[in-house]
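Report on one structure; see the data block that follows.
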Amino acid sequence: MAASSVLLDGIGLLVTGSSDYGDGSPLGEVEDAAIVVDQGRVAWVGPAAAAPPVDVREDASGRCVLPGFVDSHSHLVFAGDRAAEFDARMAGRAYQSGGIRTTVTATRAASDEVLAANVARLVTEMRRQGTTTVEIKSGYGLTVRDEVRSLVLARQHTDETTFLGAHVVPKEFADDVAGYVELLTGDMLDACVPHSRWVDVFCERGAFDADAARTVLTAGMARGLRPRVHANQLGPGPGVALACELGAASADHCTYLTDADVDALASSGTVATLLPGVEFSTRSPYPEARRLLEAGAVVAIATDCNPGSCFTSSMPFCIALAVREMRMTPAEAVWSATVGGAVALRRADVGRLVPGARADLMVLDAPSYVHLAYRPGVPLVATVWHEGKPSPW
Ligand code: NIG
Ligand code: FE
């Protein structure tokens, strides 16, 4: 092994995220394991007894090590909060997409410094809870200037940036949706393409219908952006079918699905990304994860961290919800929060601890990943390594 290699051994239980490494299960479990990290990448994984000789050694003291979480859906660029809206919801009011405009007003009025500090704080919050890859969307600017600055700020933290100018129709275009779609697919897209990898649309009653969503997504695709869709969150609708038809990497929310939607997800490469923090925070029925899994769909779990429908940055919390409320097993939920998220972002280099992958991992203050759901709300993430470097806390 190279002189720069580090051996992390004494791992009581290692999750590799690959059936090729470990016990043959999708989660790839190895007991009494070790990992060798070199130049920010995984160089070797396996039983500690078989580890190659390496000069620098760290001891996990029997704890569980798993891949860093891949949070494939978040909206971190915004100002203000909507605690009052949450409070009213908990007293019985329903969630409405129109609340997005409240955050748009606050975001437009905020300085670059305030927005940058907010994103940095939330990314740090995520990192402390084990997230090492995050996707960040624009969507609270909805002008050319404010969408661009949202994406530029997001890019300071991740390559996984998503142009979501089609989040809601801003109030200055309330009577001219066609005019806003023209702006979205014209000047705004031109300005945002250099700062984005993905294009997303909130395809829902109260936001964008199937025709407008298709127009925006195909315009983005023609400019080299890859599609993902906010679909079927507040009721049944055309979002999932559109996502599958366009070959989107992911259809997100999937709360209200017809049999045809489930079939489309199962027979396409489109990942069903479930965001159970949203159902928790809007007191809505949870998506039917079992139905999707049993049909053979690929399921990811993400936070959707945003000030309106779900203000959590915690993947462990979402895993606990997925297990308790969506009847996923802890192994399924952890897979969906790591490998599933990576598939939803079409990334082969994250979400798994296999040779060649990025050395993004966490050490849990627990003997097993099961504790992520078994001990909800407890800060179990002891250490996070990002590209082979341990976090400073
Ligand atoms: O994913 N559904 C659309 N967008 C966000 C909510 C945004 C908001 O309410 O501010 C979501 O849930
Ligand atoms: Fe969202």
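Bear in mind these aren't lab numbers, they're just calculated from the coordinates by the rules spelled out. A quick note: this is a predicted structure, and the numbers were derived from the prediction, not measured. Here the Cβ is made from the backbone with ideal geometry for all residues, glycine too, and neighbour counts use every protein chain on show.
Volume of the convex hull of region 184-235 (Cα atoms only), normalised per residue: 70 Å³.
Applied to region 276-283, the Karplus parametrisation 6.51 cos²θ - 1.76 cosθ + 1.60 on θ = phi - 60° returns per-residue 3J(HN,Hα) values of x, x, 5, 5, 4, 7, 10, 6 Hz, with x for Gly and Pro.
Of all DSSP-defined beta bridges confined to region 187-346, some 5% are antiparallel rather than parallel. Put simply, the convex hull of the Cα atoms in region 1-103 casts, on average, a shadow of 10.8 nm². Using the Cβ of ASP112 as centre and a radius below 13 Å, the other residues enclosed give a net charge of +1, where K and R count +1 and D and E count -1.
Once C-alpha pairs closer than 8 Å and six or more residues apart are averaged by separation and normalised to the residue number of region 70-344, the relative contact order reads 19 percent. Measuring spread by the Cα atoms of region 280-390 yields a radius of gyration and Dmax of 14.3, 42 Å. For a test of the definition: using alpha carbon positions, the gyration tensor, and the 1.5 limit on a/c, classify region 70-344 as rounded, prolate or oblate. It is rounded, given that a/c, with a ≥ b ≥ c, falls under 1.5. Legend: calculated FRET efficiency, GLN96 to ASP263, from the Cβ-Cβ distance at R0 = 51 Å, rounded to 0.05, equals 0.95. Rounded to the nearest angstrom and listed largest first, the equivalent-ellipsoid semi-axes of region 203-310 from its Cα gyration tensor are 20, 17, 12.
Suppose we keep just the DSSP beta bridges with both residues in region 1-108; what percent of those would be antiparallel, to 5? Around 70 percent of the beta bridges assigned by DSSP in region 1-108 are antiparallel ones. Under a Gaussian network description of the chain, with springs only between Cα atoms under 10 Å, the residue in ALA51, ALA359, ALA344 that fluctuates furthest is ALA51.
Model label sites at TYR374 and GLU31, defined 7 Å from Cα along the beta-carbon direction, differ in position by 1.4 nm. Over the chain, dividing the summed -39,500 (n - 2.57) contributions of all DSSP H runs of at least 4 residues by the number of residues returns a 222 nm mean residue ellipticity of -9500 deg cm²/dmol.
How much of the DSSP beta bridge set in the chain is antiparallel, as a percent to the nearest 5? Percentage antiparallel, nearest 5: 45. Evaluated on region 10-50, the Kirkwood hydrodynamic radius is 10.1 Å, with distances taken between all distinct Cα atoms.
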